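Engineer: I am attaching a structure below and will ask some questions about it afterwards.
Each value in this text was obtained by applying a stated rule to the coordinates, not by laboratory testing. Every value quoted in this text rests on a predicted model; they were computed, and no experiment measured them. Note that each Cβ is placed from the backbone with ideal geometry, even for glycine, and that neighbours are counted across all protein chains shown.
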Amino acid sequence: MAEEKESLFSKNNLKLLTGPLSSSNPITVQVLGICSALAVTAKVESAIVMALAVTIVVGVANMAISLLRNTIPNRIRIIVQLLVVATLVIMVDQILKAFSYGVSKQLSVYVGLIITNCIVMGRMEAFGLANKPWPSLLDGLGNGLGYGMILVIIAVVRELFGAGTITLPGIGELQIIPQGLYECGYENNGFFLMPPMALIIVAIIIWIQRSRNKDLIKK
Amino acid sequence: MDLLNLFVKSIFIDNMVFAFFLGMCSFIAVSKNVSTAAGLGLAVTFVLTVTVPIDYMLDKYVLQAGALTWLSDSFANVDLSFLSFIIFIAVIASFVQLVEMIVEKYAPALYSSLGIFLPLIAVNCAILGASLFMQQRGYETLGEATVFGFGSGVGWFLAIVGIAAINEKIKYSHVPDALKGVGITFIVTGLMGVAFMSFMGIKL
């Protein structure tokens with residue numbers, strides 16, 4: 001059966017990785033995983049850390065479920081999936097607490113909420129349960145990255161207009177809006193840091209994406 | 001009075017949807033007509049009211065540092081709090097499964113109207129979120145935890161019913177094609193969030 005085997009990075013497999021970045025983006029198209037997407041985006045740093053955590057969890061969990069797919073009884077599959085994800089999230093949480101305590105404090109309950117992040121469950125239900133481990137890993141990573149991309153875009157907009165800074169992990173706060181502008185009377189728009197603004201930014205991203213890509217408009 | 005204060009606070013100020021974005025996924029998916037939204041809201045409120053106190057008891061008597069001393073003094077140094085995610089989600093998932101089976105057996109009419117939503121509740125972030133907030137904010141008594149769970153549920157109920165009602169009306173207005181559906185729901189939710197922010201600082 002050697003000739004039937006696909007190469008590790010065949011076209012189909014690569015598509016699994018890149019599709020979620022645009023045409024099947026988990027946040028703007030599949031509308032999954034909104035909860036955490038909006039809450040952690042007041043600072044770029046926490047958005048990046050969250051994106052990494054979710055990418056790792058989705059990828060590994062998708063692969064694990066795909067490995068177990070023939071042994072899980074259908075009736076209890078949701079509990080099995082939750083347990084797999086919960087175990088991974090506990091590991092991520094412990095690692096975060098050990099190596100970057102400040103960010104872990106900022107993300108507070110949202111690290112735990114990766115467990116119920118619909119992206120994780122959605123990908124396992126839709127992909128992991130029906131596919132081989134390697135494509136599942138790629139699909140998970142792709143969706144995690146697509147999620148992370150939107151997260152970082154929202155965070156950059158919010159932090160730039162809300163506080164005039166960009167905070168990167170490992171580097172710290174960078175002042176982007178020059179001091180001179182403030183002296184001319186420019187003010188930070190604190191409203192961008194408020195939770196409702198995140199929703200409106202997502203809506204605008206969806207709007208832009210759908211008007212550029214008409215196929216995504218329903219009906 | 002404290003309990004009343006906590007109740008009002010968890011409905012309006014710390015609203016699960018508008019202040020913390022919890023339970024947004026089912027929120028966006030189900031907010032198309034008022035009656036299904038109300039059904040889901042009721043189910044979520046019920047599950048929240050029961051699971052938060054259960055998780056509170058587990059946290060207090062099993063998970064916290066030194067919580068196991070009621071078994072024997074030698075457990076004083078045991079800290080199981082890193083297990084809380086997995087324990088909480090297991091409680092929620094099994095409770096939801098239990099509720100589903102009971103409702104299916106004794107109230108088939110309710111089951112057929114709620115049926116699809118019940119299993120979904122297990123993965124509703126609002127439920128796990130409430131348990132984690134309960135643990136993080138360190139509510140002192142079982143009463144507080146229960147009131148917090150119930151209040152969060154009511155707040156979620158209000159939010160989803162409100163947005164469903166608005167969505168029913170939006171059908172008749174001219175929304176740009178690309179913004180139809182999800183997009184406009186987000187904007188409306190954002191604006192409702194702004195409205196709810198005005199409750200900030202209210203105390204009874």
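Engineer: Does A:I115 count as surrounded by fewer than 24 Cβ atoms within 10 Å (Cβ to Cβ), at the interface with chain B (Cβ under 9 Å from one of its Cβ atoms), within 15 Å of B:L128 (Cβ to Cβ) and among the hydrophobic types (A, V, I, L, M, F, W, C)? Walk me through how you get there before you give the answer.
Structural biologist: Values: surrounded by fewer than 24 Cβ atoms within 10 Å (Cβ to Cβ): no; at the interface with chain B (Cβ under 9 Å from one of its Cβ atoms): yes; within 15 Å of B:L128 (Cβ to Cβ): yes; among the hydrophobic types (A, V, I, L, M, F, W, C): yes.
No; evaluated as a whole, the condition is false for this residue.
Engineer: Let me ask something additional. Where in region A:103-219 are the helices (runs of 4 or more DSSP H), entirely inside, with at least 1 residues that are in contact with a helix residue (DSSP H, G or I) (Cβ under 9 Å, 6 or more places away or on another chain)? Give the steps one after another, and end with the answer.
Structural biologist: Values: elements: A:109-112, A:118-126, A:133-163, A:179-183, A:195-212.
Result: A:109-112, A:118-126, A:133-163, A:195-212.
Engineer: Mind telling me which of the residues B:V44, B:V96, B:V123 ends up being outside any helix (DSSP H, G or I) and within 14 Å of another protein chain (Cβ to nearest Cβ)? Steps first, answer last, please.
Structural biologist: Details: B:V44 fails: outside any helix (DSSP H, G or I); B:V96 fails: outside any helix (DSSP H, G or I).
Checking each option against the conditions leaves just B:V123.
Engineer: Can you tell me which of B:S152, B:S173, B:S131 is of a type in the set (S, T, N, Q) and surrounded by fewer than 21 Cβ atoms within 10 Å (Cβ to Cβ)?
Structural biologist: Values: B:S152 fails: surrounded by fewer than 21 Cβ atoms within 10 Å (Cβ to Cβ); B:S131 fails: surrounded by fewer than 21 Cβ atoms within 10 Å (Cβ to Cβ).
It is B:S173.
Engineer: Would you be able to say whether some residue in region B:93-115 is without any contact (Cβ under 8 Å) to a residue 40 or more places away in the chain, within 26 Å of A:L88 (Cβ to Cβ) and crowded, with 22+ Cβ neighbours inside 10 Å?
Structural biologist: Checked region B:93-115: at least one residue is without any contact (Cβ under 8 Å) to a residue 40 or more places away in the chain, within 26 Å of A:L88 (Cβ to Cβ) and crowded, with 22+ Cβ neighbours inside 10 Å.
Engineer: What number of residues within region A:27-78 satisfy the criterion of being in a helix (DSSP H, G or I) and among the β-branched types (V, I, T)?
Structural biologist: Within region A:27-78, the first condition is being in a helix (DSSP H, G or I), and the residues that meet it are A:34-39, A:44-68, A:74-78.
The next check asks that each one be among the β-branched types (V, I, T); those that pass are A:34, A:44, A:48-49, A:54-58, A:60, A:65, A:76, A:78.
Counting residues in region A:27-78 that are in a helix (DSSP H, G or I) and among the β-branched types (V, I, T) gives 13.
Engineer: Now for a different question. Please state which one of A:A130, A:A98 is surrounded by fewer than 16 Cβ atoms within 10 Å (Cβ to Cβ) and touching a residue at least 40 places away in the same chain (Cβ under 8 Å). Spell out how you get there, then give the answer.
Structural biologist: Details: A:A98 fails: touching a residue at least 40 places away in the same chain (Cβ under 8 Å).
Every option except A:A130 fails the conditions.
Engineer: Scan region B:126-159 for residues that are among the aliphatic types (A, V, I, L, M) and away from chain A (no Cβ under 14 Å) and jot them down.
Structural biologist: Taking region B:126-159 first, the residues among the aliphatic types (A, V, I, L, M) are B:126-128, B:130, B:132, B:134, B:142, B:145, B:147, B:154, B:158-159.
Listed by number, the residues that qualify are B:L142, B:A145, B:V147, B:V154, B:L158.
Engineer: For the structure I just gave you, tell me whether A:G142 is among the small types (G, A, S), surrounded by 16 or more Cβ atoms within 10 Å (Cβ to Cβ), in contact with a Ser or Thr (Cβ under 8 Å, 6 or more places away or on another chain) and within 24 Å of A:L67 (Cα to Cα). So that I can check it myself, show each step before the final result.
Structural biologist: Details: among the small types (G, A, S): yes; surrounded by 16 or more Cβ atoms within 10 Å (Cβ to Cβ): yes; in contact with a Ser or Thr (Cβ under 8 Å, 6 or more places away or on another chain): yes; within 24 Å of A:L67 (Cα to Cα): yes.
Spelling it out, A:G142 is indeed among the small types (G, A, S), surrounded by 16 or more Cβ atoms within 10 Å (Cβ to Cβ), in contact with a Ser or Thr (Cβ under 8 Å, 6 or more places away or on another chain) and within 24 Å of A:L67 (Cα to Cα).
Engineer: Let me ask something else about it. How about region A:42-81: which of its residues are facing another protein chain (nearest Cβ under 10 Å) and buried (at least 23 other Cβ atoms within 10 Å of the Cβ)?
Structural biologist: A:Q81
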